[in-house]
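Here the structure is laid out as structure tokens; the discussion comes afterwards.
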């Protein structure tokens, strides 16, 4: 079963938040577009070891994460991805209605393509933090680019209900508030490719 999302029941103490969906699924790319994204990413030869941000906001190597990352902050591939995200933006935010920046005001300024090889994983973490430009993250977007591997499940915690999905999700993005804890289980076989973007807006108050 490849890259399904497992959600856990929300504690009674935060039951009033049940109205907020844990995630929404949005179709971004078809299968051939996903294959081309992977080919272009691999051909770039620019994957680098993924780092972790410590409590002081410094990027460090850490045993809580094992992944390779291609960072895109411009160029044709970045522009193509950005245009597709902008086309789907209202759908992504329709359930949350967060105050987001406009496309020219820093909605997002980089795209990450992640490659998890055998043994790759990412421990429990949040995408929202008060340093390194992470304080303005509002929605996290994780798009499944391939199948053909084992393990590597994306897990979202503190969900309002238990709704795993296991259908073919290649090309679909799971979009969720950046404060939700999540993790990626260890890849047991094959390679897992995902595209990750953080949509930003004025800081939560």
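Quick notes
- Computed from the Kirkwood radius of its Cα pairs, the Stokes-Einstein diffusion coefficient for the range 96-205 at 25 °C and 0.890 mPa s stands at 164 µm²/s.
- Approximating the spin labels as points 7 Å out from Cα along Cα→Cβ, the residue 31-to-residue 150 distance works out to 2.2 nm.
- Compared with the direct C-alpha span, the chain from residue 49 to residue 87 gains 10.6 nm at full extension, assuming 0.36 nm per residue.
- All C-alpha to C-alpha distances of the range 71-155, sorted into 10 Å bins beginning at zero, yield P(r) values of 12, 42, 37, 9 percent in whole numbers.
- Residue 188 paired with residue 118, simple spin-label distance in nm, labels 7 Å along Cα-to-beta-carbon: 1.3 nm
Each value in this text was obtained by applying a stated rule to the coordinates, not by laboratory testing. Everything quoted here is computed from the prediction, not taken from an experiment. Reconstructed Cβ throughout: ideal geometry from the backbone, glycine too, with neighbour counts over all protein chains shown.
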